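Read through the structure below, which is laid out as structure tokens, and then see the notes.
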Amino acid sequence: MAAIAQSQWHATHYWHALPDGRVQCDVCPRHCRLRPGQRGLCFVRMRGDDGIVLATYGRSSGFCVDPIEKKPLNHFLPGTAVLSFGTAGCNLACKFCQNWDISTSRQTDTLADAASPTDLAAAAERLGCRSVAFTYNDPVIFLEYAVDTAIACRKRGIKAVAVTAGYVCPEPRAELFAHLDAANIDLKAFSDDFYHSICAGRLAPVLETLEYVRHETNCWLELTTLVIPGLNDSAAELDALTRWVVEHLGRDVPLHFSAFHPDYRMRDRPPTPLATLRRARAIALANGVRYAYTGNVRDAEGEATFCHSCGTPLIVRNGYAIEAWRFAPTGCCPACGARCAGVFEEQPGDWGPHRLPVRIGR
Ligand code: SF4
């Protein structure tokens, strides 16, 4: 295991000392209790000389310019480029993880690229990105780096976006989301048993985060459920999940039902059939969700954005490419005038479906 140089430690403040000499991390509901030298489950937060430090501040597992639709965010500056990056580690342990090489990394040499928050903001501007995304692994565990980067980005007019499981305690949650312009939060299933047995977490804190972000912040919110055959794809569970969303978050939060591919510690399940994703989308729409998508598959209807009022196709997509943009005026249906929920400009971005790996590190 590669050693983490002490010079890279970054002080944190969400922790408290325990009577037995250990220090408890208060960033996520795991509440790791650490003795000197120990790391939390996420690996990147560890017991330092004085409390808990973030050992990977300013270091990334790589940078890529993506279409914003890849996060996925379909209602936030569609068609624009986003500078994506992540670090290492995770505070959940999902058996189906689709980024397991990063999330389970215990090797700090995975973090090949070093970049300060101001480096990142400058690179995003230089590369023509409208936003920076904390993705690949969960920004909750590198909160201080994410927040400082979001602050540096906002000074240049660049937005900050997070892809997260929302498994975070209330105080750090408030700090993180105060600096975010948009987020895609996983709602991995609608049963505590799934969260417990498949992800080593709990459902309730995630639901609390969703309600908090929707009702207490200005952060644009979309949700993703990775639909796994035989685990979270029953009609009853999808019905309960989407009813909860409508009741607690409202009808305007877009839902993405994404296809699972066998990976990591879950290679015994088949990929999600397109028919299952379409069924999930149909259940969501029938329960009153206004914008529901299929993801990780090619599906013309499931990729498009429709007017919630009259059904006119407003944004037609081909994968991550926008093929038709029919808002008139901005954000409104040209046929009936109903407003589409989201953050839209007069024209979409022109980044297209490309994925461009970039080097930023010093
Ligand atoms: S953020 Fe990391 S160290 Fe802190 S409680 Fe969560 S898993 Fe443990």
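The table for this structure:
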{"read-out": "So residue 104, is it open to solvent by 10 Å² or more (accessible area, probe 1.4 Å), at pLDDT below 80 and under 22 Å from residue 123 (Cα atoms)", "value": "no"}
{"read-out": "Index of the failed condition, residue 220 passing every other in (1) of a type in the set (Phe, Trp, Tyr); (2) touching a helix residue (DSSP H, G or I) at 6+ places or on another chain (Cβ under 7 Å); (3) within 27 Å of residue 308 (Cα to Cα)", "value": "(2)"}
{"read-out": "Criterion (open to solvent by 10 Å² or more (accessible area, probe 1.4 Å) and of a type outside the set (Phe, Trp, Tyr)) met by exactly one of 49, 66", "value": "49"}
{"read-out": "Failed item in (1) within 29 Å of residue 185 (Cα to Cα); (2) within 16 Å of the ligand (Cβ to nearest atom); (3) open to solvent by less than 30 Å² (accessible area, probe 1.4 Å), with residue 10 passing the rest", "value": "(3)"}
{"read-out": "Every residue from region 116-151 that is small (Gly, Ala, Ser), more than 23 Å from residue 354 (Cβ to Cβ) and open to solvent by 10 Å² or more (accessible area, probe 1.4 Å)", "value": "116"}
{"read-out": "Identity of the residue in region 304-362, of a type in the set (A, V, I, L, M) and in contact with an Asp or Glu (Cβ under 7 Å, 6 or more places away or on another chain), that ends up modelled with the lowest pLDDT", "value": "360"}
{"read-out": "Those residues of region 344-362 which are open to solvent by 50 Å² or more (accessible area, probe 1.4 Å) and within 12 Å of residue 77 (Cα to Cα), in sequence order", "value": "345, 346, 347, 350, 351"}
{"read-out": "Residue match in region 59-78 (condition: of a type outside the set (Gly, Ala, Ser), modelled with pLDDT of 95 or more, out of contact with any Leu (no Cβ under 9 Å at 6 or more places or on another chain) and within 16 Å of the ligand (Cβ to nearest atom))", "value": "no"}
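The values are calculated or read from the model by the stated rules, or taken from the named source; none is laboratory data. Given the structure is predicted, the values throughout are model-derived calculations rather than measurements. For neighbour counting, all protein chains shown are included, and Cβ atoms are generated from backbone atoms with ideal geometry for every residue, glycine included. SASA here: full protein model, heavy atoms, side chains in, ligands and nucleic acids out. Shrake-Rupley method; radii C 1.70, N 1.55, O 1.52, S 1.80 Å.
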